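Inspection log for the structure reproduced underneath, given as structure tokens.
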Amino acid sequence: MNSQLVEQLGLKLGANGLPYQIPIHPQLVHLTLGLFIVAIIFDLAGMLFPLEKPIFKFLGLTAIRSGLFDVGWYNLVAATTVTFLTVAAGFFEIMLADPPTDEKSAWGLPAGANMLLHGVGGVLVLAIFAVMTVWRGLLRYRWRQGASRHAQWIYLIVGIAMLGILYVHGTLGAQLGDEFGIHNTAAGLLRQGKNPNLLLK
């Protein structure tokens, strides 16, 4: 399937099985994760602001509650936007993957099942991010406009639960590169019996 795609698109693949040297999907994944984690942390800080106020004062930080919620909101919007690109890059790179058929991950999954779960999981994560962004936007601009708290506890509980889901989902993705060597140049060369120290200079 990937050979047909390569021919149709006229791509020249490198040692990592991609038309570029560094996979794009893993880079965007880390940006997505960082933005989402910051969004949840700052919304949580905004909710707990009365408890933190003496600490900010002691540290000489002029933090205001609305500023914390602003950081949470804008990081969530950025995380959702970047995740669209992350999922798109992931599907492009997964179509060019040549997974091994005789190996299993530490979780006991073959490469094909691992790729399928990671791909479907990526779409679900994107959908949840989009729903959370709409939810947070309604809290900010409609339901809690003018209130001191722009978020709500149930929203934060969902956000914290998402961190656990992202851990599982990210581990599936890491196993594709680390354990199966998909688009991991060094691992791919070792699997072919070649020396990456000689070929990757």
Sort the following peptides by mean Cβ neighbour count (other Cβ atoms within 10 Å, averaged over residues), highest first: 164-171, 78-85. 78-85, 164-171
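Would you please put 120-132, 86-98 in order of how densely packed they are, using the mean number of other Cβ atoms within 10 angstrom per residue and starting with the highest?
Details: 120-132: 16.3, 86-98: 18.2.
My ranking of the peptides, most packed first, is 86-98, 120-132.
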Most to least packed among 19-25, 41-47 [average Cβ atoms within 10 Å]: 41-47, 19-25
Would you please give the FRET efficiency between residue 158 and residue 85, computed as 1/(1 + (r/R0)^6) with r the Cβ-Cβ distance and R0 = 25 Å, to the nearest 0.05? 0.60
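May I ask you to compute the full-extension gain from residue 106 to residue 174, defined as 0.36 nm times their residue separation minus their alpha-carbon distance, rounded to one decimal in nm?
On the way: separation 68, 0.36 × 68 = 24.48 nm, distance 1.12 nm.
That pair, residue 106 and residue 174, stretches by 23.4 nm at full extension.
Can you tell me the FRET efficiency between residue 127 and residue 63 if r is taken as the Cβ-Cβ distance and R0 is 35 Å, rounded to the nearest 0.05? Mind showing how you got there, number by number?
Numbers: r = 33 Å, r/R0 = 0.94.
It comes to 0.60.
Any read-out appearing in this document is the output of simple, stated calculations on the displayed coordinates, not a laboratory observation. Predicted, not measured: the structure shown is a model, and the values here were computed from it. Positions of Cβ are backbone-derived with ideal geometry, glycine not excepted, and every protein chain shown enters the neighbour counts.
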